[in-house]
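Data first, discussion second: the structure below is written as structure tokens.
The values are calculated or read from the model by the stated rules, or taken from the named source; none is laboratory data. Predicted, not measured: the structure shown is a model, and the values here were computed from it. Neighbour counts run over all protein chains shown; Cβ positions are idealised from the backbone, glycine included. In case anyone asks, the SASA skips ligands and DNA or RNA and just uses the protein heavy atoms, side chains included. Shrake-Rupley method; radii C 1.70, N 1.55, O 1.52, S 1.80 Å.
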Amino acid sequence: MTRHLLMPWTSSDDIPEALNLPAPLCHWALQTDSQCVLLHVLPLSLLTASPAERASALRKAHETLVQRQAELSRQGLGVSIQIRIGDPAEEIEKEAILLPAFAIAMPTHAREGFERLLNGSVAESVARHSDIPQLLWNGRGAEQDENAKRTILMPVADTGSANALLPAVIEYASARSAEVVVFHEGLGRNDLGEEREPAQNQSYINDLCTRMEQAGISVHRISRSGGQIVDEIVSVAEECKAELIALATHGRTGMDRVMFGSVAEKVVRRAPCAVWVQHIEPIDSGPQEERYLG
């Protein structure tokens, strides 16, 4: 079965370079025989535009996609193109399901403050609502060099949260011959000022590391306490020169997000590398501390 990696480009992206994969991700896609699908979503307003305006927009979109298709093809990647008209987040989610895509790879704008609250982000909207994993990167992540140190940072907040991430982390690490840094924390407080416990149950983390080592992955563990979650994750990623951060998120919507945001979203905006974001359902029906989960 063909592995489809969906790479969207929406009308809100100002530069066609948004269609490029960061170098480490491009190498990973090549090593795993992933078929890239370049998707350009044009604004819904084109449906009521004149035939000439609609034809012009479609022609320009197609020319851009063909150019990027040629660039990625020269790197050895299989690439196809699609053009849609509609709401960007809805069209991306729909295309990802229809392919089906194993992941959605796209850049995200580093919006902060009122601009983020008012405008949001297509990438963040997809990350909150789609069950399909996303590969997201900001401007820093886009500039990563292929020859950078091959390290994956895997923060572990509570028992069970890393299980959904493990297959993707093992696959990526194997394809890139990368080391996995498992990061967990000691006593401290989360970003909301609530007391938190250490990553539950050392036996769970030991088992997690053992499973990766049995798959032939080199694993290193780091434990810290006392700092704010996002600061800790970004700091460790910078120190270990990570080329990928793998995060699980429950997804947060409504007033909760407006007031506090999501840990995953904050990491994506500040990370020095690409971030693999995978949506999971709450582990149980009781209250959940956010910790590393958005």
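Six or more apart or on different chains, Cβ under 9 Å: which pairs go from a residue in the range 35-50 that's on the phi < 0 side of the Ramachandran plot and touching a residue at least 24 places away in the same chain (Cβ under 8 Å) to one that's aromatic (Phe, Trp, Tyr) and surrounded by 14 or more Cβ atoms within 10 Å (Cβ to Cβ)? Could you list them?
LEU38/TRP9; LEU39/TRP9; HIS40/TRP9; VAL41/TRP9
Yes or no: the range 47-66 includes at least one residue that is closer than 22 Å to LEU244 by Cα and basic (Lys, Arg).
no
Kindly list, by first and then second residue, each pair from a residue in the range 261-274 that is farther than 12 Å from VAL236 by Cβ to a residue that is assigned to a helix (DSSP H, G or I) and of a type in the set (D, E, K, R), limited to pairs with Cβ atoms under 6 Å and residues at least 6 apart or on different chains.
These pairs meet every condition: GLU265/GLU124.
Could you list, in sequence order, the residues of the range 210-251 that are in a strand (DSSP E or B) and charged (D, E, K, R)?
ARG221, ARG224
Please enumerate the residues belonging to the range 36-82 that are surrounded by 16 or more Cβ atoms within 10 Å (Cβ to Cβ) and outside any helix (DSSP H, G or I).
CYS36, VAL37, LEU38, LEU39, HIS40, VAL41, LEU42, LEU77, GLY78, VAL79, ILE81, GLN82
Out of ALA168, ALA123, ALA157, ALA103, I need the residue that is out of contact with any helix residue (DSSP H, G or I) (no Cβ under 7 Å at 6 or more places or on another chain), open to solvent by less than 10 Å² (accessible area, probe 1.4 Å) and modelled with pLDDT of 90 or more. Which one?
ALA103
Just a yes or no: is a residue in the range 248-256 at pLDDT 75 or above and under 21 Å from the mean Cα position of the chain (by Cα)?
There is at least one residue in the range 248-256 that is at pLDDT 75 or above and under 21 Å from the mean Cα position of the chain (by Cα).
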